[in-house]
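A quick write-up on the structure given underneath.
The values are calculated or read from the model by the stated rules, or taken from the named source; none is laboratory data. Everything numeric here is computed off the predicted structure, so don't read it as measured data. Positions of Cβ are backbone-derived with ideal geometry, glycine not excepted, and every protein chain shown enters the neighbour counts. SASA here: full protein model, heavy atoms, side chains in, ligands and nucleic acids out. Shrake-Rupley method; radii C 1.70, N 1.55, O 1.52, S 1.80 Å.
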Amino acid sequence: MLFSFEYLKGKLDIMDMLKKVITNLIYVLDCTLNLVYSDGDKCCICDNYCEDTSFLCNSCYSKIRFCTEKYYIKEKIREIECYSMAYYSSVIKEMIVNLKYKSDFKSGKALAEMMQGIIYEKNIKFDYITFVPMTKKYLKIRGYNQSEFLAQYISRHTDVKMLELLKKNKDSKDQIGLDSDERWYNIRGCFEFIGNKNDIKEKNILLIDDVITTGATAFYCAEKLINNNANNVIVLTAAKSKI
Ligand SMILES: [Zn+2]
């Protein structure tokens with residue numbers, strides 16, 4: 001039975017496995033290249049010398065406006081706990097743009113390192129890490145999801161497993177002319193739960209994204225996870241931007 005369900009399922013499992021093997025190979029290659037071509041002592045923004053391994057020089061670091069307060073996204077009866085490492089300005093904005101559009105993973109690592117600092121500083125507790133997904137179309141154009149990159153880095157350095165739990169089915173870009181309520185509604189139908197309900201039953205999930213603006217994306221991703229058995233979702237983003 002060439003095209004039976006079992007046959008197709010087997011094929012999909014193999015694809016999944018291959019994807020994981022390739023991702024791990026890329027990581028090993030990245031580590032090897034880092035050892036051979038170490039540029040850890042150069043700032044990811046200005047190329048100046050860094051005193052430690054933070055990828056940022058003192059001058060660039062001093063320009064960051066850190067966001068120290070926990071905040072909540074509220075919608076109807078639900079509120080989601082959120083943390084952002086910094087405000088979306090100057091150096092942080094440049095680092096996110098570099099990671100997002102210029103494949104600058106050094107900036108990505110620097111962002112993830114500082115986001116990890118928030119986890120320890122605020123003593124944020126969670127069982128799994130996941131990330132805000134992007135559509136297949138965008139993933140194909142960009143080649144990677146910057147939020148997944150951040151989540152993967154944090155997962156490896158905190159030793160907490162990352163799960164791919166959400167899928168984005170449509171883009172919510174055409175929002176011009178929509179009021180705030182319509183924007184929220186428009187984003188609501190974009191996400192689908194693709195994980196295993198049993199895996200996240202009564203578990204606390206850390207949801208990673210690069211930038212939070214209206215909070216609608218993070219809210220609906222969190223709601224999807226809670227509606228599919230998660231006990232609680234805490235959002236952590238690299239930056240917080242104004243609406
Ligand atoms: Zn610098």
Inset, instruction - Working only within the stretch 224-243, note down all residues that are at pLDDT 95 or above, surrounded by fewer than 22 Cβ atoms within 10 Å (Cβ to Cβ) and in contact with a helix residue (DSSP H, G or I) (Cβ under 9 Å, 6 or more places away or on another chain). - result: N232, I234
Legend entry - Residue list for the stretch 69-97, filter: away from the ligand (no atom under 16 Å from the Cβ) and under 19 Å from the mean Cα position of the chain (by Cα): K70, Y71, Y72, I73, I80, E81, C82, Y83, S84, M85, Y87, Y88
Legend entry - Count of residues meeting criterion [open to solvent by 10 Å² or more (accessible area, probe 1.4 Å) and assigned to a loop (DSSP other than H, G, I, E, B)] in the stretch 203-223: 3
Inset, instruction - With the condition kept exactly as written, say whether any residue in the stretch 27-46 is assigned to a loop (DSSP other than H, G, I, E, B), over 23 Å from the mean Cα position of the chain (by Cα), within 16 Å of the ligand (Cβ to nearest atom) and at pLDDT 90 or above. - result: yes
Inset, instruction - Any chance you could count how many residues in the stretch 54-68 are within 14 Å of the ligand (Cβ to nearest atom) and assigned to a loop (DSSP other than H, G, I, E, B)? - result: 7
Inset, instruction - For residues that are assigned to a helix (DSSP H, G or I) and in contact with a Ser or Thr (Cβ under 7 Å, 6 or more places away or on another chain), scanning just the stretch 104-161, find the one that is nearest to E81 (Cα to Cα). - result: I119
Legend entry - Only listed residue being open to solvent by less than 20 Å² (accessible area, probe 1.4 Å), out of contact with any strand residue (DSSP E or B) (no Cβ under 7 Å at 6 or more places or on another chain) and not hydroxyl-bearing (S, T, Y), chosen from I187, I200: I187
Inset, instruction - Among the residues of the stretch 131-155, write down those that are more than 13 Å from the chain's Cα centre (by Cα) and either modelled with pLDDT under 90 or open to solvent by less than 80 Å² (accessible area, probe 1.4 Å) (or both). - result: T135, Y138, L139, R142, G143
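Residue by residue, here is whether (1) polar (S, T, N, Q); (2) farther than 22 Å from L56 by Cα holds:
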| position | (1), (2) |
| --- | --- |
| K109 | no, no |
| F131 | no, yes |
| N145 | yes, yes |
| N196 | yes, yes |
| I212 | no, yes |
Legend entry - Subset of the stretch 156-168 [open to solvent by less than 80 Å² (accessible area, probe 1.4 Å) and more than 22 Å from K109 (Cα to Cα)]: L165, L166, K168
Legend entry - Residues satisfying the stated conditions in the stretch 163-193, i.e. among the hydrophobic types (A, V, I, L, M, F, W, C) and either in contact with a Ser or Thr (Cβ under 6 Å, 6 or more places away or on another chain) or within 19 Å of V235 (Cβ to Cβ) (or both): L163, L165, L166, W184, I187, C190, F191, F193
Inset, instruction - Kindly indicate the residue of the stretch 66-112 that is among the small types (G, A, S) and open to solvent by 30 Å² or more (accessible area, probe 1.4 Å) and also farthest from I205 (Cα to Cα) among those meeting that condition. - result: S90
